[in-house]
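Single-structure report; data block below.
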There are 2 protein chains.
Amino acid sequence: MLDILKNRSTVRSYKTTPIDESLLNDLLEASIRTSTTGNMQLYSIVITRDEKIKSELSPLHFNQPMIKQAPILMTFCADYNRFDKWCHLRNTDAGCDNFQAFMTAAIDALLVAQTFCVAAESKGLGICYIGTTTYTTSSISKVLNLPKFVVPLATITLGYTDSTPDQVERLPLEAIIHQEQYSDYSEEEIRKHYLAKENLEVNKRFVTENNKQNLAQVFTEIRYTKANFEKFSNELLSAIREQGFEF
Amino acid sequence: MLDILKNRSTVRSYKTTPIDESLLNDLLEASIRTSTTGNMQLYSIVITRDEKIKSELSPLHFNQPMIKQAPILMTFCADYNRFDKWCHLRNTDAGCDNFQAFMTAAIDALLVAQTFCVAAESKGLGICYIGTTTYTTSSISKVLNLPKFVVPLATITLGYTDSTPDQVERLPLEAIIHQEQYSDYSEEEIRKHYLAKENLEVNKRFVTENNKQNLAQVFTEIRYTKANFEKFSNELLSAIREQGFEF
């Protein structure tokens with residue numbers, strides 16, 4: 001099992017081979033054993049295969065080609081709607097119109113998403129997390145008919161691939177792990193932790209191609225700009241509030 | 001692998017058996033292959049074994065006994081600090097003082113946490129998510145010396161157990177999964193989805209013991225009250241902002 005986890009990589013190109021319903025069901029049954037707060041299971045999973053709905057979602061995921069190409073798109077949502085409806089039926093109120101409830105449901109949804117991915121990869125499937133879900137949350141909610149107290153947070157594409165792509169680099173473990181308490185990084189440690197990443201040929205090429213001085217600038221000036229972060233912050237906050245979580 | 005996921009349950013009581021360093025290292029190496037946004041790895045993991053620090057954390061986790069009893073406590077943090085320090089060293093700015101950046105790092109941290117748990121369970125270890133991390137975020141940040149742009153979001157206890165506890169119930173899969181788009185629940189569907197849960201002897205006992213009319217009220221009036229949610233919402237929002245994410 002650890003070998004599967006260690007050797008995995010994200011799959012962005014899929015075969016047209018459909019995914020067997022009983023396998024998908026099995027992966028989902030395994031996923032819902034994931035821990036959730038108070039066993040409330042504050043999440044829902046929307047499975048989209050329909051070409052028309054995928055076409056509506058595609059621009060909301062910046063037209064990344066795997067959206068249309070993958071046989072299955074899965075949207076993992078924080079969901080207090082189901083629990084709240086149950087509470088109302090039982091003459092009480094979930095009290096979930098607040099930020100803590102949103103985060104509680106968000107954690108549930110994200111943990112389940114990752115269990116699903118691990119399960120899928122253990123069965124030879126490939127996945128890709130689509131990082132745009134928190135950028136266009138309101139529009140995705142409309143396309144997927146999400147009611148009050150449901151917020152989409154993670155989208156994955158799922159399918160079979162011809163070959164597992166090469167792994168990309170990771171920071172050394174010592175860059176990530178802190179013993180007992182957090183030990184803040186000196187300049188020297190930052191240099192050391194990012195050295196291998198900066199020296200990779202593929203990353204050097206990104207710097208050259210983008211006419212930047214270094215890899216960090218590729219991230220901050222091209223891929224994840226402050227202007228976009230601020231724009232998408234406002235949109236995400238609005239979307240969460242639109243869905244009924246007030247703060 | 002699916003069988004391990006399907007048969008798992010949360011472990012709240014641990015043997016004193018220590019966890020081998022090379023095994024822990026192996027689990028962590030496997031975990032950091034988890035997908036993250038743009039491969040930025042916006043998370044850190046604090047591993048706490050020290051009795052004194054565990055004693056300081058224990059009340060922040062409402063003195064749940066497994067905090068002190070488990071050989072290892074792991075706190076998974078959204079972390080933009082390391083990346084931001086790298087950016088500054090490279091004459092640029094991560095632009096992360098906003099809500100979108102917080103959520104991006106939160107997603108990274110939570111997905112890694114769950115991979116770690118799956119990996120640990122595949123090697124015979126037991127884990128328990130401690131749901132209090134988002135209730136006392138500011139105080140936990142102080143005990144763990146978390147700098148600006150680091151927010152603790154999930155804590156697990158880790159250790160060996162004599163026996164895996166019985167599984168608790170889950171809602172039926174059809175309650176969780178939506179095909180193509182979200183199909184909102186009728187009263188009849190809510191009744192059906194929660195029927196087995198409400199009829200479990202252990203859940204009926206909770207209702208009686210707490211002098212409530214039904215299980216939903218045990219959740220909303222005892223375990224997760226609106227008053228607590230609102231209190232902890234304000235505290236969590238303050239904590240995230242204190243750590244430098246402005247919104």
Checklist entry - In Å, the Kirkwood hydrodynamic radius of chain B over pairs of distinct alpha carbons? => result 20.2
Checklist entry - Which value, in debye to the nearest 20, gives the size of the charge dipole of the protein assembly as shown about its Cα centre, when Lys and Arg are +1 and Asp and Glu are -1 at the Cβ? => result 60
Checklist outcome for this item: Proxy exposure order for B:35, A:238 (fewest C-beta within 10 Å first) is A:238, B:35
Checklist entry - Normalised by the number of residues in chain B, what is the relative contact order in percent for Cα pairs under 8 Å and 6+ residues apart? => result 26
Item to check | Local electrostatic count at residue A:25 - Lys and Arg +1, Asp and Glu -1, tallied over other residues with Cβ under 13 Å | outcome: -3
Item to check | Pseudo-label separations to other copies for residue B:188 - Cα-to-Cβ vector, 7 Å, nm | outcome: 7.2
Checklist entry - Looking at the square roots a ≥ b ≥ c of the eigenvalues of the Cα gyration tensor of the range A:44-173, which shape do they give, rounded for a/c under 1.5, prolate if a/b is larger than b/c, or oblate? => result prolate
Checklist entry - What number, in percent, do you get for the relative contact order of the range B:82-191 if the mean sequence gap of Cα pairs under 8 Å and at least 6 apart is divided by its residue count? => result 22
Item to check | Cα shape, the protein assembly as shown, gyration tensor, a/c 1.5 rule | outcome: rounded
Checklist entry - Taking N as the number of residues in the range B:158-211, what value does Rg over Cα atoms divided by 2.2 N^0.38 Å take? => result 1.57
Checklist outcome for this item: The answer for the net charge of residues other than residue B:7 whose Cβ lies under 14 angstrom from its Cβ, with Lys and Arg +1 and Asp and Glu -1, is -1
Checklist entry - If you put a point 7 Å past Cα along the Cβ direction, how far is that point for residue A:227 from the same point in each other copy, in nm, smallest first? => result 5.0
Checklist entry - Mean separation of Cα pairs under 8 Å and 6+ residues apart, divided by the residue count of the range A:123-247: what relative contact order is that in percent? => result 34
Checklist outcome for this item: From DSSP H assignment alone, runs of 4+ in chain B each adding -39500 (n - 2.57), the sum over residues rounded to the nearest 500 puts [θ] at 222 nm at -14000 deg cm²/dmol
Checklist entry - Summing +1 for each Lys or Arg and -1 for each Asp or Glu, what net charge is found among the other residues whose Cβ lies under 14 Å from the Cβ of residue A:59? => result +3
Checklist entry - Copy-to-copy spacing for residue A:13, label 7 Å out on the Cα-to-C-beta vector, in nm, shortest first? => result 5.4
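Here, each number is a calculation from the coordinates, and none is a lab measurement. Remember, it's a predicted structure, so these values are computed and weren't measured experimentally. All Cβ positions, even for glycine, are placed from backbone atoms using ideal geometry, and neighbour counts span all protein chains on display.
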